[in-house]
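A short write-up of the structure that comes next.
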Amino acid sequence: MADNPGRLPCPIREGAERHPDAQALTFAGSAWTYRTLDVEVGRWVKSLEDRGIRAGERVALLATNHVASVCLFWALGRLGAVLAPLNARLTRAELSPMVEDIEPRLTLALGALIDRLPSAERLESFITTSTASSPQCASLAEDTPRVILFTSGTTGRPKGAVITEGNFRASCKASASNLGEHPAPRWLGTLPLFHVGGLAMLTRTAYEAGCLILHERFDADAVNRAIDSEGVSHASLVATTLERVLDARGDRRVPPTFQLALIGGGPVPVPLLERARAAGLLALQTYGLTEACSQVTTERPTDADGRTAGPPLPGMSIRIVGEDGSARGPGEEGDIEVRGPTVMAGYWRRPDATRDVLRDGWLRTKDVGVLDTRGRLTVLSRRTDLIVRGGENLYPAEIEAVLLNHPAVQEAAVVGIPDARWGEVPVAFLALRAGQPTPTAEALDAWCRQSLAGFKCPARFSWVDALPRNAMGKLERTVLRQRASADVKG
């Protein structure tokens, strides 16, 4: 793709030269060809240059999906600068330490979100209609950082995964090799651009000379309209959104222009996958993570039964290891480790965390899984304590820290329980502090929402005399999960 070996050009500029009239992006009723998008990205480059943004500097962004986010991403690439997209669902208190960690040269936010980042400038008005288009378009080395994506560890402290240009390119190549070449794919972009899945759609369409059908947020009726009338060929969903799309479709089958949907965010119920295929919608299970630039394994379109997350993508390797680090054979459970060109460069300013997770070329995911005799992966646990709610990762330690700040709470533990709509929801077990009145569930929910995004707040609060612990004083979460499940059944 690049004329200069080892250097990678901007795919929007390349598209403007090779297929200028091909559609590159649609959003909110407007459309951009590669030619017009190239000009628009150049205007963003000019504004960033005028603000002194140079190679290696960071720009923080708080936004839902928007055309300005797309232009900013490609413009920063032309300057060799780094985008740090922040989760638009987080509170001001949650965002603050991330911004401090990034130390951005510039902070931008959509007007509707700007109150959460007081130092931010308004994204929509960052460039003006009179801004000229800069021709600056640096080619990038494969190891050039492109984004810093925050992903919480089990301690709840945010870590910024540094994803490079080479990571994005390798992810695109591996996915295309698995799914099959398409002359001009039209990917439906409902995943947020502050998640690795959303950025994978953005980059993949550009590298493959396709078009991103970008939606501000997920809406089942809008998704079905796009599938039926906008020629969407590919989509990425999670189980809950797939179910909502099928509910909204009723008995209508998908048109032949729609090839397949990738389903991430955790295991998908087999009946749901079968229901999708009955409607003509081929849904492929995947396993991925931010640190590996989205997909690691995916079912093959010609060999998908919904029983596993599929084999590793071409160019990727998976192994299952025991606690002693030795490799496990087919059918033996253990920790999932990943190796390949999509694996991140490391965690931003966290050398100890980077050394802990990247060893001898292998990414230690700390997820638990098993490979079958055909090399297909089944994920058994998204880390021991992780809760996956509708595709969003929730970490108990973060929620527990908020609850423990309440004056009436002596002890707190959060576990996940199965939920028909969201996959899992968090449930909190609390021990009352002596001499304090017992808060109501409504009061505890309000307390949590002061510091946590709504999707992180517990679905239920249960009071106990004391939390169960083993002889070593370690919290027995399994006991709590069993108790929570029994309470639901009861």
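The values are calculated or read from the model by the stated rules, or taken from the named source; none is laboratory data. Fair warning: this is a prediction, and the values are worked out from it, not measured in the lab. Here Cβ is always computed from backbone atoms with ideal geometry, including for glycine, and neighbour counts include all displayed protein chains.
Does segment 340-356 hold any residues that are closer than 12 Å to Lys159 by Cα and in contact (Cβ under 8 Å) with a residue 24 or more places away in the chain, and which are they?
Gly346, Tyr347, Trp348, Arg349, Arg350, Ala353 - these are the residues of segment 340-356 that are closer than 12 Å to Lys159 by Cα and in contact (Cβ under 8 Å) with a residue 24 or more places away in the chain.
Residues Gly6, Gly29, Gly15: which one is of a type outside the set (A, V, I, L, M), on the phi > 0 side of the Ramachandran plot and at pLDDT 95 or above?
From the options Gly6, Gly29, Gly15, the qualifying one is Gly29.
Please enumerate the residues belonging to segment 280-315 that are of a type in the set (A, V, I, L, M), outside any strand (DSSP E or B) and either touching a helix residue (DSSP H, G or I) at 6+ places or on another chain (Cβ under 6 Å) or loosely packed, with under 15 Cβ neighbours inside 10 Å (or both).
Leu313
Just for strands (runs of 3 or more DSSP E) wholly inside segment 1-103: which have at least 3 residues that are touching a residue at least 24 places away in the same chain (Cβ under 8 Å) and hydrophobic (A, V, I, L, M, F, W, C)?
Qualifying strands (runs of 3 or more DSSP E): 23-27, 58-62, 82-86.
Exactly one of (1) assigned to a helix (DSSP H, G or I); (2) within 16 Å of Ala31 (Cα to Cα) is unmet by Asp247. Its number?
So Asp247 meets the others, but not (2).
For Thr151, are the conditions met, namely being closer than 21 Å to Ala60 by Cβ, at pLDDT below 95 and part of a strand (DSSP E or B)?
yes
Restricting attention to segment 108-116, does a residue exist that is surrounded by fewer than 20 Cβ atoms within 10 Å (Cβ to Cβ), in contact with a helix residue (DSSP H, G or I) (Cβ under 7 Å, 6 or more places away or on another chain) and closer than 23 Å to Glu398 by Cβ?
For segment 108-116, residues surrounded by fewer than 20 Cβ atoms within 10 Å (Cβ to Cβ), in contact with a helix residue (DSSP H, G or I) (Cβ under 7 Å, 6 or more places away or on another chain) and closer than 23 Å to Glu398 by Cβ: present.
Within the set of pairs 6+ apart or on separate chains, which have a first residue in segment 300-324 that is at positive phi, a second that is of a type in the set (Lys, Arg) and surrounded by 13 or more Cβ atoms within 10 Å (Cβ to Cβ), and C-beta atoms under 7 Å apart?
Close Cβ pairs satisfying both conditions: Gly310/Arg300; Gly310/Arg376.
What are the residues in segment 104-126 that are of a type in the set (Ser, Thr, Tyr) and either part of a helix (DSSP H, G or I) or outside the structural domain of Val70 (by TED's automatic domain parsing) (or both), if any?
Correct list: Ser125 only.
Looking only at residues that are in a strand (DSSP E or B) and at pLDDT below 95 in segment 316-335, which one is farthest from Gly369 (Cα to Cα)?
Looking at the filtered set, the residue picked out is Ala327.
I'd like to verify a number: residues in segment 155-187 that are of a type in the set (Asp, Glu) and farther than 22 Å from Arg300 by Cβ, how many?
Number of matching residues: 1.
Are any of the residues in segment 149-165 within 20 Å of Gln285 (Cα to Cα), of a type in the set (Lys, Arg) and crowded, with 19+ Cβ neighbours inside 10 Å?
no
Scan Ala261, Ala239 and give me the residue that is modelled with pLDDT of 90 or more and assigned by TED's automatic domain parsing to the domain that holds Gly189.
Selected residue: Ala261, the only one of Ala261, Ala239 that is modelled with pLDDT of 90 or more and assigned by TED's automatic domain parsing to the domain that holds Gly189.
Does Trp74 fit the bill of being closer than 16 Å to Leu199 by Cβ, buried (at least 18 other Cβ atoms within 10 Å of the Cβ) and among the aromatic types (Phe, Trp, Tyr)?
So Trp74 fits the description; yes.
Which residues, taken from segment 165-189, are closer than 21 Å to Val238 by Cα and touching an Asp or Glu at 6+ places or on another chain (Cβ under 8 Å)?
Matches in segment 165-189: Cys172, Ala176, Pro185, Arg186.
For Val223, state whether it is within 24 Å of Ala138 (Cβ to Cβ) and of a type in the set (A, V, I, L, M, F, W, C).
So Val223 does not fit the description; no.
In the list Ala428, Ala446, Ala413, which residue meets the criterion of being at pLDDT 95 or above, more than 25 Å from Glu243 (Cα to Cα) and surrounded by 14 or more Cβ atoms within 10 Å (Cβ to Cβ)?
Criteria check complete, one pass: Ala428.
Of the residues that make up segment 116-138, is at least one closer than 19 Å to Gly340 by Cα and of a type outside the set (A, V, I, L, M, F, W, C)?
For segment 116-138, residues closer than 19 Å to Gly340 by Cα and of a type outside the set (A, V, I, L, M, F, W, C): absent.
Being in a loop (DSSP other than H, G, I, E, B) and in contact with a strand residue (DSSP E or B) (Cβ under 6 Å, 6 or more places away or on another chain) is the filter; apply it to segment 127-143 and report the residue that is surrounded by the most Cβ atoms within 10 Å (Cβ to Cβ).
My answer is Ser139.
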